[in-house]
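Note sheet for the following structure.
Derivation of every value follows stated rules applied to the coordinates shown; laboratory data play no part. All values derive from a computational prediction rather than experimental measurement. Because the Cβ atoms are built from the backbone with ideal geometry, glycine has one as well, and the counts that use them run over all protein chains shown.
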Amino acid sequence: MWRYEGGRFSAESFPLPEEACLLLVVNGEPWTALSYTPGDEAYLALGHLHLSGALPSLEGVRVLVGEGMVLVDLPRTPMRGVGVRDSGCAAGLRFGEPKLIPLPQVPLDPELPIRLLAELRARTRAYARTRGIHGAALFDLEGNLLYLNEDIGRHNAVDRLAGFMLAEGIAPPVLVASTGRVSLEMAAKAVGMGAVLLASRTGATAPAVALAHRYGLALAAYVRPTGYRLYAPGGMPVGEGVL
């Protein structure tokens, strides 16, 4: 590649993010195809199905990861609608959402969003090399890192967190940090996996903020080392009249 700077071109070597296609097959039938960054395919498949409302638990579920595909056998084939394409980059089709329930109001340290994003920034190796990739991380309520992954799609990165929780038996409530914009779908994913805090490096949409208020999700956006914008308090101890 070439870099243009100071009025001239110069040769430069810069690694690019990996991108591949993953076919998700459910009970022998193609379910969806995802553009994704290779790695932890089972977590991605399980999380995608769970946050699409098709996989409430792992009881009776079998998973086989093959070349470019994940085969998932469920006790029964879930109902499918017409399919809705997620607005997030690299997302596939989803066929619904898990039933969302109000989150417990867990007291949260106001410094947590800053700590979570600092940990995410420090550990996103692919982003440091390529820049063109998203990251998401799962933490316990004390802010201890449980799992982190990077993907070209911010939806994929968060879906892997849900898949990790299912596969490893991690029970909510948990905390989530993401580099990506918090859309309505992203906020719903956080609530669906029982995250009481979603902290993002970037912004949030109006429907996402409304959903966070409705279900008690603490939503912190534009998180920087010096502070953040709190769009929905959840368990944050904000003063009267602050929001």
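Write down the percent of antiparallel bridges among all DSSP beta bridges whose residues are both part of the chain, to the nearest 5. Just about 70 percent of them are antiparallel. For the range 1-55, the relative contact order comes to 21 percent (Cα pairs under 8 Å, sequence separation of at least 6).
Close amide H pairs (under 5 Å, H built 1.01 Å from N) link Val106 with Gly235, residues at least 5 positions away or on another chain. At an R0 of 45 angstrom, the distance between the Cβ atoms of Leu145 and Phe9 translates into a FRET efficiency of 0.65.
Ordering Trp2, Trp31 from the fewest to the most neighbouring beta carbons within 10 Å gives Trp2, Trp31.
For the chain, the relative contact order comes to 19 percent (Cα pairs under 8 Å, sequence separation of at least 6). In plain terms, the chain from Arg62 to Ala210 could stretch by 49.6 nm, reckoned as 0.36 nm per residue minus the Cα-Cα distance. Which is the longest part of the chain that has none of the GluC sites (Glu not before Pro) sitting in a DSSP loop with at most 12 other Cβ atoms within 10 Å? Longest gap between qualifying sites, sites excluded: 143-239. In this structure, the amide hydrogen of Thr32, modeled 1.01 Å from its nitrogen in the peptide plane, lies closer than 5 angstrom to those of Leu24, counting only residues at least 5 positions away or on a different chain. With 5 Å bins beginning at zero, the pair-distance distribution over Cα atoms of the range 112-232 amounts to 2, 13, 26, 27, 21, 9, 2, 0 %.
Kirkwood radius, the chain, all distinct C-alpha pairs, inverse of mean reciprocal distance: 18.5 Å. Using the Karplus relation 6.51 cos²θ - 1.76 cosθ + 1.60 with θ = phi - 60°, the per-residue 3J(HN,Hα) values for the range 64-74 come to 10, 9, x, 6, x, 8, 10, 9, 10, 9, 9 Hz, with x marking Gly and Pro. Which one, Ala220, Ala177, Ala208, has the greatest fluctuation when you compute a Gaussian network model over the chain with C-alpha springs under 10 angstrom? Top of the fluctuation ranking is Ala208.
Couplings 3J(HN,Hα) of the range 116-128, computed from phi: 5, 5, 5, 5, 5, 4, 5, 10, 7, 5, 5, 5, 4 Hz, in residue order, whole Hz [Karplus 6.51 cos²θ - 1.76 cosθ + 1.60, θ = phi - 60°; x for Gly and Pro].
Listing Val209, Val70 from fewest to most neighbouring C-beta atoms within 10 Å gives Val209, Val70. Helical runs assigned H by DSSP (4 residues or longer) give the chain a calculated mean residue ellipticity at 222 nm of -7500 deg cm²/dmol, each run adding -39500 (n - 2.57) before division by the residue total. Exposure proxy for Ser178, Ser52, Ser13: other Cβ atoms within 10 Å of each Cβ, ordered fewest to most, give Ser13, Ser52, Ser178.
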